[in-house]
Each structure stands twice: as C-alpha cells, then as structure tokens.
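The block underneath contains the structure these notes are about, expressed in structure tokens.
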C-alpha cells in the first residue's frame, strides 16, 4: 500500500493544512501529502526553521507549500491562519490536526496551568481548526479532516491523566464532527502507538513497551502518514472511525 500511494498523484489540485508540521510525525504527513500532489500548508508555533525546511522539501516535489505560524490554542490566531489559506489558495480540501503537547504529571501534582495547556493544544485547537476548515470545505461540498489522537486516548496511563483525557476527548470530538459535517466532509482519527524516529534511542521503558507489543517493534512516522494518506485519498465510505496504528499493543 505504501509504495503505490507514494507513486500516485491522487491529491493533485487539492490543498492540505497540517498543524505542527515542522517536525516529527507532522513533517512526515506533510511530505507524504505533497508526494501525492497536494499543495501543503505547514503550520507551526515555535519550530520556524524546521517548518521552513519542510516547506522547501515539499516545493522540491513540484507542488506549492507555505509555512504559517499560529498558536492553535488561540482561536483568533486559528481564524487568521485559515483566512490566509483561503486568500492564498482559494480552497482547502484536507485538514490534519496533528499538533499536540505531551508531558507526564502525577495526579497529585497536576496544576490548572497543566490542564489548560494540554487541553488548549490537544482539544480546543483541533476543534477550532476543524470549525474554520469546515466553513471553507463546505463551499465546495467536500473535504477530509483527520485528527491525530493517541493510544493514550484509549488506555489509562496513570502518569498522564491530563494527556489521556485530552486524547480521549479528541476521539469523541472526531465522532461528533463526523455526524455534524456529514455527508460532505469525512472526519476520522489515527491513534498512534509507540513511534520512534531515526535519531532516537529507546529508553528502558520504551523497550519494555515494544517487548509487550505483539509485533515486537515500534512504528515509524511513515506508518502514521500512510494511514492519513489512505483516509484522505482512498476512503470514500469511512467516517467517524478511529484507526489504531500500534503494532497490536491495544489488543486486550
């Protein structure tokens, strides 16, 4: 599936926006959509140099790309970003809500600031991005939205109650939006398991997680990007679904 998807240009003429696309999984998703022919808007907050580098890689594929800065936890900045997208491209066909924050915090040490920060980026941001994107998509009566959730939204991680809560809520938001925006806009979610990057060495804890995974390995950013590509390119009869890409870790 991955090889054939990378060779086609089935997204030619479409415009995609990927939040948090300067680094890691977001970067790979942006590049994958660019390889499929889409013009790609690379959203970033702090990673300006990485976002600009991603844009240059996408442009080298022969498609348009631009980096736009916005703190997605601030609705006013979100609205301005989508206004700029429509002004520059005249359309929006794909939104990938990828940007997220992740940090541990025991239940007895969680602060209001911790809650506000993680819910602002992981839940409020995706909602207001989807709201702004859908208003553009509905003018053409078509669109695809993919929310990057997490295995943590399906399992209870005791040192990450705020993160797990935010991703579980994002999963429910996916289902609500799928019904609210049907039939013209499809909304789905991809829930990654353990993902490692080429420059990362697994910690002892990560090694234990990998060992307990049926496939006995970690995933890659390309695994997530391939699933996103399937959902925006090859799934005309799928909406409101959560696709868990975790090597079987979530099997009871």
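Taken together, the values in this text are just the output of simple stated rules run on the coordinates, not laboratory data. Because the structure is a prediction, the values reported are computed rather than measured. Positions of Cβ are backbone-derived with ideal geometry, glycine not excepted, and every protein chain shown enters the neighbour counts.
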Revision key, fill the gap. Ordered by fewest other Cβ atoms within 10 Å, a rough proxy for footprinting exposure, 237, 82, 128, 197 read 237, 197, 128, 82
Check your understanding: With springs only between Cα atoms under 10 Å, which of 213, 54, 32 fluctuates most in a Gaussian network model of the chain?
Key -> 213
**Study point:** Cα point-scatterer Debye curve for the chain, base-10 log of I(q)/I(0) at q = 0.09, 0.13 Å⁻¹
**Key:** -0.36, -0.78
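Beyond 17 Å, what share of the Cα-Cα pairs of the stretch 43-119 is found? Please give it as a whole percent.
Numbers: 1714 of 2926 pairs.
Roughly 59 percent, rounded to a whole number.
Using Cβ counts within 10 Å as a stand-in for footprinting exposure, how do 129, 176 rank, fewest first? Walk me through the numbers on the way to the answer.
Numbers: 129 26, 176 13.
Ascending number of Cβ neighbours within 10 Å: 176, 129.
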Study note, to complete from the structure: Mean-square fluctuation maximum in Gaussian network of the chain, Cα pairs under 10 Å, restricted to 146, 187, 121, hits 121
Exercise for review: Pull out the extension gain between residue 159 and residue 64, defined as 0.36 nm times the separation in residues minus the alpha carbon to alpha carbon distance; nm, one decimal.
Suggested key: 30.0 nm
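Which percent of the Cα-Cα distances in the stretch 187-228 go past 17 Å? Numbers along the way, then the final one.
Values: 305 of 861 pairs.
Cα-Cα pairs of the stretch 187-228 separated by over 17 Å account for 35 percent.
Against the globular-protein guess of 2.2 N^0.38 Å, express the Cα radius of gyration of the stretch 73-178 as a ratio, rounded to two decimals. Don't skip to the end; give the middle numbers.
Details: Rg = 15.1 Å, N = 106, 2.2 N^0.38 = 12.9 Å.
My calculation over the Cα atoms of the stretch 73-178 gives 1.17.
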Practice item. Using a 10 angstrom cutoff on alpha carbons, build the Gaussian network for the chain and name the most mobile of 159, 108, 223. Key: 108
Review point. Which value in nm describes the separation of the simple spin-label points at residue 215 and residue 9, placed 7 Å from the Cα toward the beta carbon?
Key: 3.1
Review point. Using r as the Cβ-Cβ distance of residue 80 and residue 140, and R0 as 30 Å, what FRET efficiency do you calculate, to the nearest 0.05?
Key: 0.90
Practice item. Provide 10, 189, 49 in ascending order of the number of other Cβ atoms located within 10 Å of each residue's Cβ, fewest first. Key: 49, 10, 189
Exercise for review: Please find the FRET efficiency linking residue 52 to residue 199, where r is the Cβ-Cβ separation and R0 is fixed at 25 Å, and quote it to the nearest 0.05.
Suggested key: 0.80
Point to revise | Alpha carbon centroid spacing (whole Å) that separates the stretch 190-250 from the stretch 104-154 | key: 19
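If contacts are Cα pairs under 8 angstrom and at least 6 residues apart, what is the relative contact order of the chain in percent?
Details: 496 pairs, mean separation 45.2, N = 252.
Across the chain, relative contact order equals 18 percent.
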